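K.L.:
Dumping the structure here so I can ask a few things about it.
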Amino acid sequence: MPPRRDDSDSDISIDIGEGSGKKGKGKDKAGDKRKKDKGKGKATEAAYTWEASYTRSWDTVQEDEAGSLQGAVEDWMARGRRRRLLAPAAPVRRTIIRHLVLLLDLSASMLDRDMRPTRFDLTLQYAREFIVEWFDQNPLGQIGIVGMRAGIGERVGEMSGNPQDVLKSIADRHKLEPMGEPSLQNSIELAKGSMNHLPTHSSREILIIFGSLTTCDPHNIHDTLDACVSSKIRISVVALAAEMKICRELCDKTGGQFGVAMNEGHYKDLLFELIPPPAQRALTRAAGVGATNPAADLMMMGFPTRLPDASPPSLCVCHSELRSEGFLCPRCMAKVCDVPTDCDICDLMVVSSPHLARSYHHLFPVKPYTAVMSMEDASASTGCHGCAKAFPTTTLAAASEGMSPVGRYRCPECLGEFCSDCDLFIHDVLHTCAGCGR
């Protein structure tokens, strides 16, 4: 029989353990209560923008009769795309040879996490997508990159018409690590200085991605603004934090666009709205005739000869490297690596005919197709004029915002009827009607 002392020791140990356990539970409950209160305090604060994008997103879609959400999601996406196509298609005078300087905010404010993963990482991602799409729609343009950090403006990438060179300049994330405060004046002065030598027939544009609420400027920034107005430099700003009066003035006085990003999707929309060439502002003349139609300036271009890969290596004038492939300038026969570019020997603008042809769709856009609203108005065709996809035989749910309840969109010129996919493909990619070629 074990001694009583051991029993008492064991009992004491058990009692102590239970007592400590009760105390621990009390502490845990108090800690849980504090955590809950803390969580409630956070919930009452303003939600992050990345949280707002997911708030009650289930209210925008509804199930169909079969319980599927696919049709509702497709209709929701089509409404947003069709809304962009309802813009007026009247011919507008635009500049097809563009020069853009992209000003990136690299201050400490770009490390905020209100946009996932951070403002800085999201800006680099969107900047890469913007550059690729910008060069696709503006093959005759050039882009330069300038960074704003530590109170100065840093030249990140030189002005170039080669998208690979521009993307390479922002490929190394560690060289662009945010720090310090931004300086709008120093960065705009640096960008303006890189565009002083440009000819008058090309546009001069500055796009600022600004995430800070302050700017550290050495002098009066309004003097820089007046210099940009006199140099006909268009400034557009995409703000990530809030609207600032100086940013609004920069855009209003130079004819640019200003917007404040509410979330990641809105940020990308604001950025990609600046890809099409801006309309030229009317220049008044002294005479009354043609007061809003300034005279066009002729410019000289050269179509180069492309060298095959099997040609003997020779030095290029742009990089001074031995290469087999390349293009020969038609004026001085100098060898350049890529087109479009300006010849370093004779300053002739060297372009290829496909690049020139691709730039004209901004001047003569495809007219918006008319939505067919009922089966009585539809033609006898049962399939799409572009892809031969069969049209739906029943009328869909109540449509609005330019959507066709029968899934048909008619060209105003050739009266051909297309499905929604072909309609978007023609206006966004092909830029030519598949029925009449206009």
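K.L.:
Between His222 and Cys337, what is the label-to-label distance in nm when each label sits 7 Å out along the Cα-to-Cβ direction?
P.N.:
Computed distance between label sites His222 and Cys337 equals 4.6 nm.
K.L.:
Magnitude of the Cβ-charge dipole of segment 323-391, K/R +1 and D/E -1, about the Cα centre, nearest 20 debye? Don't jump to the answer; show the numbers that get you there.
P.N.:
Values: 6 positive and 7 negative charges, 29 e Å.
Once rounded to the nearest 20, the dipole reads 140 debye.
K.L.:
Something else: Of Lys168/Lys268; Lys175/Lys335; Lys168/Lys389; Lys245/Lys367, which ones are farther than 30 Å apart at the Cα?
P.N.:
Working: Lys168/Lys268 21 Å; Lys175/Lys335 32 Å; Lys168/Lys389 42 Å; Lys245/Lys367 38 Å.
Table pairs above 30 Å Cα-Cα are Lys175/Lys335; Lys168/Lys389; Lys245/Lys367.
K.L.:
Report the calculated FRET efficiency for Leu430 and Arg93 (r = Cβ-Cβ distance, R0 = 25 Å), to the nearest 0.05.
P.N.:
Working: r = 23 Å, r/R0 = 0.93.
Once rounded, the FRET efficiency stands at 0.60.
K.L.:
Using the Cα centre as the reference, give the magnitude of the dipole from point charges on the C-beta atoms of segment 337-438 (Lys, Arg: +1; Asp, Glu: -1; all else neutral), rounded to the nearest 20 debye.
P.N.:
On the way: 6 positive and 12 negative charges, 90 e Å.
Once rounded to the nearest 20, the dipole reads 440 debye.
K.L.:
Here is a further query. Ignoring ligands, DNA and RNA, how do His362, His431 rank by accessible area with a 1.4 Å probe, largest first?
P.N.:
Details: His362 25, His431 45 Å².
From most accessible down to least: His431, His362.
K.L.:
Is the shape of segment 105-208 best called rounded, prolate or oblate, per the rule: a/c under 1.5 gives rounded, else a/b larger than b/c gives prolate, else oblate, with a ≥ b ≥ c the square roots of the Cα gyration tensor eigenvalues? Before the final figure, lay out each step's value.
P.N.:
Numbers: a/c = 2.18, a/b = 1.34, b/c = 1.63.
Note, shape of segment 105-208 comes out oblate.
K.L.:
Also, I was wondering about something else. In debye, nearest 20, what is the charge dipole magnitude of segment 112-259 about its Cα centre with +1 on Lys and Arg Cβ and -1 on Asp and Glu Cβ, if you could check?
P.N.:
Numbers: 16 positive and 20 negative charges, 17 e Å.
Around 80 debye, computed over segment 112-259.
K.L.:
Going by accessible area, probe 1.4 Å, with all protein chains left in place, what is the ranking of Leu111, Leu271, largest first? List each step's numbers first, then the result.
P.N.:
On the way: Leu111 75, Leu271 0 Å².
Correct descending sequence by accessible area is Leu111, Leu271.
K.L.:
Turning to a different aspect of this structure: Report the FRET efficiency, 1/(1 + (r/R0)^6), for Glu181 and Ala380, where r is their Cβ-Cβ distance and R0 is 60 Å, rounded to 0.05. Kindly include the intermediate steps, with their values, before the conclusion.
P.N.:
Working: r = 67 Å, r/R0 = 1.12.
Efficiency at R0 = 60 Å is approximately 0.35.
K.L.:
Another question, if that's okay. Rounded, prolate or oblate: which fits segment 199-267 when a ≥ b ≥ c are the square roots of the eigenvalues of the alpha-carbon gyration tensor, with rounded for a/c under 1.5 and prolate only if a/b beats b/c? Intermediate results must be reported in sequence, preceding the final value.
P.N.:
On the way: a/c = 2.51, a/b = 1.36, b/c = 1.85.
Oblate.
K.L.:
So how far apart, in nm, are the two label points at Glu413 and Thr305 if each is 7 Å from Cα heading toward Cβ?
P.N.:
Output for this residue pair reads 3.7 nm.
K.L.:
Alpha carbon centre of segment 350-427 versus segment 141-199: separation in Å?
P.N.:
40 Å
The values are calculated or read from the model by the stated rules, or taken from the named source; none is laboratory data. None of the values given here were measured: they were computed from a predicted structure. When we count neighbours, we look across all protein chains shown, and the Cβ atoms used for this are built from the backbone with ideal geometry, even at glycine. Surface areas here come from the heavy atoms of the whole protein model, side chains and all, with no ligands, DNA or RNA. Shrake-Rupley method; radii C 1.70, N 1.55, O 1.52, S 1.80 Å.
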